[in-house]
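Here is the structure we will look at.
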Amino acid sequence: MSARGVRPGMLRHKENNPADAQAGKRQRTATGAGRQPLSAAAQPPPPPPEEEPMVFAVREDVEALLNEKMKGKNKMDYKGKSEQMMEYIKKLRACIKWLLEREDANLTEIGNITARLEAEGKQHSKTVVELKNSFDEARSINEELQKQYTSLQETLKKVEAEKMDTLRALQEEKDARTSVESMKNKLLEDLKKGKLEEKRLNDQIKMLQDTNKRLQEYNTSLQQYNSNLQADATKNAETMAKLQKEKNTMVETMNGLKDHANSVKMQLDLTKSLQNEAAKQKNELLKEVEGLRMELQRAREDRDNKSAEVDSLMAEMGTYKEMTGKAAIELDGAMTRTAALEETCSSQRQMIKTLETKLAAASERLKMFDLTALETMTEYENQKKILESLQSRLEEAEQQILDGEKLRKKLHNTILVRSPGLPKVQYIYLPIFKVISLQELKGNIRVFCRVRPLLPNESGAISYPKNGENIGRGIELMHNAQAYSFTFDKVFDHSASQEHVFIEISQLVQSALDGYKVCIFAYGQTGSGKTYTMMGNPELDDQKGMIPRSLEQIFQASQALNSQGWKYKMQASMLEIYNETIRDLLGVNRMAAQDGGSSKYTIKHDANGNTHVSDLTVVDVTSISEVSSLLRRAAQSRSVGRTQMNEESSRSHCVFTLRIFGVNEGTDQQVQGVLNLIDLAGSERLNKSGATGDRLKETQAINKSLSCLSDVIFSIAKKEEHVPFRNSKLTYLLQPCLGGDSKTLMFVNLSPEVSSTGESICSLRFAARVNSCEIGIPRRQTQMRSSQ
């Protein structure tokens with residue numbers, strides 16, 4: 001018969017009992033091999049000749065064979081009935097043979113599927129690790145390249161700014177150089193003019209020297225002329241004596257002029273440039289000298305008239321004295337201006353040399369900046385190409401991570417592998433990040449045990465296994481000289497930090513984003529640290545409890561999934577059950593809600609196992625800060641009281657619910673998850689707590705609800721048909737978590753002191769019973785979004 005003839009129910013039956021099937025097969029083989037021949041009397045009649053085997057296509061053929069009735073001609077027709085019986089037995093043998101063949105084929109196929117699943121699981125884990133390493137490497141390379149790119153951009157900006165400054169400075173230097181060159185040309189022209197003026201002045205000095213010589217000769221002739229005049233005219237002796245005196249004065253003056261001219265010549269030899277004013281003054285001096293010459297010529301012509309000539313000579317001598325004094329003053333000024341011009345020229349020459357040096361250095365720097373800019377641009381282009389290639393690799397890695405995330409969600413909590421070494425069909429969970437126990441796969445409630453630290457005046461009675469397989473999972477107590485030991489999924493001693501505890505439940509919290517219902521609640525006696533475990537101190541990072549840390553992880557993971565197309569909407573609510581009355585901890589008018597009684601809030605469960613409380617305040621939250629504000633507001637509203645066992649004891653059960661709605665814009669997939677975080681009130685004994693009045697009523701209500709919770713656990717453990725969820729509001733509210741398809745984890749908190757050992761043993765026994773309860777298999781709530 002072909003494989004299409006195997007019905008799903010039959011295949012599941014065989015798959016769920018492979019050991020029985022193998023045993024049955026071995027029994028049939030042994031029976032067939034060791035079967036003894038029947039006696040002649042007991043042997044059936046010889047079988048008829050073999051015919052073509054029957055083919056059973058569907059289950060209806062087998063049912064028809066089983067329902068077939070024997071028919072005969074009459075009641076006494078034993079031979080006909082015997083033949084029909086033989087035919088019927090032959091059909092049954094063919095059916096049994098076909099079923100055995102199908103069973104062997106199914107077992108072989110199950111073994112092959114198991115091997116393939118194991119290989120695929122190993123390959124997937126390896127692929128995930130490689131993808132994660134590649135992503136981390138690509139992310140680190142990308143960050144390094146981003147930093148290099150940023151630094152290169154800043155360097156390029158600085159280089160461009162320096163280049164612009166250099167260009168501006170170069171332009172200014174060019175302008176200054178142009179102005180200096182123009183000034184230099186102007187100075188050169190002035191220098192040429194000064195040299196021409198100097199040459200002309202030298203010529204004029206030579207002319208003055210010739211004139212002085214002629215004047216000396218003229219003086220000599222005048223002396224001779226005077227002596228002749230004295231000899232010729234005695235009447236004019238006095239006049240001649242006066243004239244002689246004047247002549248001597250004139251000679252002295254001429255000698256002084258000669259010395260002064262020699263000094264002027266020496267000063268002019270040192271002078272390299274003269275201004276136009278000195279030339280004009282010298283020209284005037286020459287004109288005056290020529291005028292003197294003309295006057296002297298006129299005196300020579302008029303020497304017949306001695307008196308007139310002497311008067312004119314005296315006048316000319318006076319004029320000459322005045323002109324000589326002016327010329328001396330003007331020559332001193334010209335020398336001063338010449339020295340100033342020389343200093344100006346030397347300073348300008350030094351300035352020109354300095355500017356030329358700066359210009360050469362600026363040109364070299366400009367060349368270097370051009371080369372550096374070219375190298376920088378080349379390196380920038382290379383880095384840009386490398387960055388583009390890395391970005392493409394990063395996109396590929398992100399796509400691979402997206403595919404891996406899809407595969408993780410598909411395999412998370414669903415990959416089951418049969419363990420070949422177990423007598424019955426059991427399954428091992430193969431998650432992506434962490435190995436989960438067999439109990440969780442079967443739907444068991446996971447249990448974590450946490451022991452609070454000892455107070456200064458307390459003595460401990462709790463110890464932990466030092467070796468063996470129960471390290472980190474076992475706990476031991478001594479009570480009345482008797483040892484008690486328990487084993488759970490995880491045991492945290494007094495040194496475990498909040499972060500260490502949360503790491504163990506982080507993957508369970510992550511399942512809420514994947515569309516599962518998750519419930520985490522804390523159980524234990526008063527003062528054992530339940531509220532610290534669940535809430536802690538949200539203001540201090542190292543003391544944050546499971547509720548704040550879970551919410552932080554939910555929001556961080558939802559933001560990380562935005563890059564994969566997921567958009568999440570979250571709603572938060574928080575209530576307490578106080579004396580079997582539901583109170584809204586987020587309600588605006590809390591006192592009015594308390595006065596309204598329990599009738600205001602009604603617990604309802606829908607067909608999908610979701611729980612709703614009517615009229616309960618539900619707040620849309622978009623960030624961890626909003627949720628933290630709600631938690632602070634709820635903490636102020638929660639009922640607490642003081643007892644002999646705890647100064648600030650929680651007098652109610654607190655339930656925080658976060659509903660998560662997710663939509664993938666790319667695949668149109670929708671998920672709906674629920675995260676329930678519950679801090680139960682502590683169990684306590686009246687003789688220890690010393691409760692009276694309202695505290696007594698609270699203690700009775702707390703113990704009653706916890707007793708109802710214990711009854712529910714016992715009923716589930718015994719697999720009774722009726723489970724008393726409705727006996728209390730706490731158990732009815734937790735019905736989907738305890739009897740549905742939720743992922744549930746319980747913290748059992750213990751006080752390590754000796755006086756609390758009895759209550760600790762009761763809590764551990766209850767936790768062990770909870771750990772053995774089998775509830776529904778977790779089911780993911782997902783669907784495709786309908787197209788509009």
Exercise. About its Cα centre, what dipole magnitude does the stretch 351-402 give when the only charges are +1 on Lys and Arg Cβ and -1 on Asp and Glu Cβ, stated in debye to the nearest 20?
Worked result: 460 debye
Exercise. Using a basic spin-label model with each label point 7 Å from the Cα along Cα→Cβ, how many nm lie between Lys466 and Ser497?
Worked result: 2.7 nm
Problem set entry | Under 5 Å, built H, 5+ apart or other chain: amide partners of Val518 | Val674, Leu675, Asn676, Lys743
Exercise. Taking amide hydrogens as modeled 1.01 Å from N in the peptide plane, which residues meet the under 5 Å criterion relative to Gly524, leaving out close sequence neighbours?
Worked result: Ser683, Asn749
For this session: With the full set of protein chains in place, find how many percent of the accessible area of the stretch 80-168 is carbon and sulfur; take the probe as 1.4 Å.
Result: 56 percent
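Anything over 25 Å Cα to Cα? Flag those among Lys287/Lys321; Lys184/Lys358; Lys466/Lys718; Lys287/Lys326, in the order listed.
On the way: Lys287/Lys321 15 Å; Lys184/Lys358 17 Å; Lys466/Lys718 34 Å; Lys287/Lys326 13 Å.
Over 25 Å apart, Cα to Cα: Lys466/Lys718.
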Exercise. What residues qualify as long-range amide H neighbours of Phe448, i.e. H under 5 Å apart, gap of 5 or more or another chain, H built at 1.01 Å from N?
Worked result: Met746, Phe747, Val748
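When ranked by the protection proxy of mean other Cβ atoms within 10 Å per residue, highest first, what sequence do the peptides 533-539, 359-365 form? It would help to have the intermediate numbers written out before the result.
Details: 533-539: 19.1, 359-365: 12.9.
Packing order, densest peptide first, comes out as 533-539, 359-365.
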For this session: Take the Cα coordinates of the stretch 439-518, assign each an equal point scatterer, and use the Debye formula without solvent to give log10 I(q)/I(0) at q = 0.11, 0.18, 0.22, 0.27 Å⁻¹.
Result: -0.40, -0.90, -1.14, -1.37
For this session: Would you be so kind as to identify which of Cys95, Asn133, Gln171 lies farthest towards the positive end of the dipole of the stretch 85-243, taking Lys and Arg as +1 and Asp and Glu as -1 on Cβ and the Cα centre as origin?
Result: Gln171
Problem set entry | Links that overshoot a 26 Å alpha carbon limit, given the list Lys697/Lys729; Lys567/Lys604; Lys490/Lys544 | Lys567/Lys604
Exercise. According to a simple spin-label model (label point 7 Å from Cα along Cα-to-Cβ), what is the distance in nm between Lys192 and Ala607?
Worked result: 11.5 nm
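Which GluC sites (Glu not before Pro) does the stretch 63-156 hold that lie in a coil by DSSP with at most 15 other beta carbons within 10 Å?
Working: sites: Glu63, Glu68, Glu83, Glu87, Glu101, Glu103, Glu109, Glu118, Glu120, Glu130, Glu137, Glu143, Glu144, Glu154; in loops: Glu68.
Passing both the DSSP loop test and the Cβ count: Glu68.
For the stretch 152-223, rounded, prolate or oblate, judged on the Cα gyration tensor with a ≥ b ≥ c (square roots of eigenvalues), a/c < 1.5 rounded, else prolate if a/b > b/c?
Numbers: a/c = 13.68, a/b = 8.57, b/c = 1.60.
Here the stretch 152-223 falls in the prolate category.
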For this session: Mind checking the full-extension length gain between Asp694 and Asn457? Use 0.36 nm per residue of separation minus the Cα-Cα distance, one decimal, nm.
Result: 82.4 nm
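The values are calculated or read from the model by the stated rules, or taken from the named source; none is laboratory data. Not measured: the values here are computed from a predicted model. No Cβ is skipped: glycine too gets one built from the backbone with ideal geometry, and neighbour counts run over all protein chains shown. Keep in mind that these areas ignore ligands, DNA and RNA; they rest on the heavy atoms of the full protein, side chains included. Shrake-Rupley method; radii C 1.70, N 1.55, O 1.52, S 1.80 Å.
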